[in-house]
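Remarks on the structure that follows.
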Amino acid sequence: MFRIFLLLISFSIIGAEKASSVNFETGDSNAGAQKVAVCAACHGTDGNSQVGNWPKIAGQNERYLFEQLKLIKTEERYIDVMKGLLDGYSEEDLRDVAAFYANNSMTMGQSADDESLVLGKLLYKIGDYERGIPSCQACHAANGSGNSLAGYPALGGQHKEYLISSLLAYKNGERISGPNAYIMNQISQRLSEEDIEALSNYIIGLY
């Protein structure tokens, strides 16, 4: 079963990369700079939020940002504090906003706690074959930079609180939107809360 799951991830990466290279239309970062005033209150003027529960989106890959903005606008991915904020944005606007934030750099703020680094590193780099947990770096890269062609998000340097809440949302079936949500749902259900804490602790130190 685990081998089948790994094959599913591999095919997903290959398929996403092929589709991205052909179909994805990039936005205009300069135009996007004029369209992000509504975003700045939570995510900061450059996309580096100062609150742990609000994600840093600076330096995130453009395709991932655009896809998430579309999901949030249609409420397929429902975020209460963002309800209605994107109603006036066209698809072009969303592309431009995504391009603007992707063009910025994520700041490295938190320091990892040594206590759970070993477990976090093992799960991220290797996974756990016996429990059917693949390595995180297969999709998100060894340094946490993600995969821009496939649209897999960068994780390194993200707020620990946000990483934990996101993994728990996948684990509990509260976040099921987007083409790759199924993979994250399956992986996170195999993670204990201790695993999630350790992984998040390790990831914040990646860059």
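Each value in this text was obtained by applying a stated rule to the coordinates, not by laboratory testing. Given the structure is predicted, the values throughout are model-derived calculations rather than measurements. A quick note on method: Cβ atoms are made from the backbone with ideal geometry, for glycine too, and the neighbour counts reach across all protein chains shown.
With the helix formula -39500 (n - 2.57) applied to DSSP H stretches of n ≥ 4, the chain reaches a computed 222 nm mean residue ellipticity of -15000 deg cm²/dmol. Quick check: the angle from helix 62-74's long axis to the longest principal axis of the chain, C-alpha only, nearest 10 degrees? The helix 62-74 is inclined about 70 degrees to the chain.
When the Cα positions of G88, Q50, Y78 are compared along the charge dipole of segment 23-102, Q50 comes out farthest toward the positive end, with charges on each C-beta of Lys, Arg, Asp and Glu. Find the centroid of the Cα atoms in segment 132-207 and in segment 71-91, then give the distance between the two in whole Å. If you average the Cα positions of each part, the centres end up 22 Å apart. For segment 33-87, trypsin sites (Lys or Arg not before Pro) are listed when DSSP marks them as loop and at most 12 other Cβ atoms sit within 10 Å of their Cβ; the list is K83. Annotation: amide H-H contacts under 5 Å for Y152 (H modelled 1.01 Å from N, sequence separation of 5 or more, or interchain): N147. The angle between the Cα long axis of helix 193-203 and the main principal axis of the chain comes to about 60°, on a 0 to 90 degree scale.
Near the amide H of D128, within less than 5 Å, lie the amide hydrogens of I133, all on another chain or at least 5 residues away, with H placed in the peptide plane.
Taking a label point 7 Å from the Cα of Q110 along the Cα→Cβ vector, which residues of segment 131-148 have an amide N closer than 17 Å to it? Residues passing the 17 Å test: 144-145. Shown here: Cα extents along the principal axes in Å, derived from the displayed model; of the candidates (i) 49, 36, 28; (ii) 45, 37, 33; (iii) 66, 32, 30, it corresponds to (i). Seen against the Cα atoms of the chain and their longest principal axis, helix 2-23 is set at about 20 degrees.
With the cut-off at 1.5 for a/c, could you classify segment 23-102 from its C-alpha gyration tensor as rounded, prolate or oblate? In terms of gyration-tensor shape, rounded. Considering only Q68, Q34, Q50, the Gaussian network model of the chain with Cα springs below 10 Å gives its largest mean-square fluctuation to Q34.
Here the relative contact order of the chain, from alpha carbon pairs under 8 Å that lie six or more residues apart, stands at 25 percent.
Please report, in debye to the nearest 20, how large the charge dipole of the chain is about its Cα centre when each Lys and Arg carries +1 at its beta carbon and each Asp and Glu carries -1 there. Before the final figure, lay out the partial values.
Working: 17 positive and 25 negative charges, 82 e Å.
Rounded to the nearest 20 debye, it is 400 debye.
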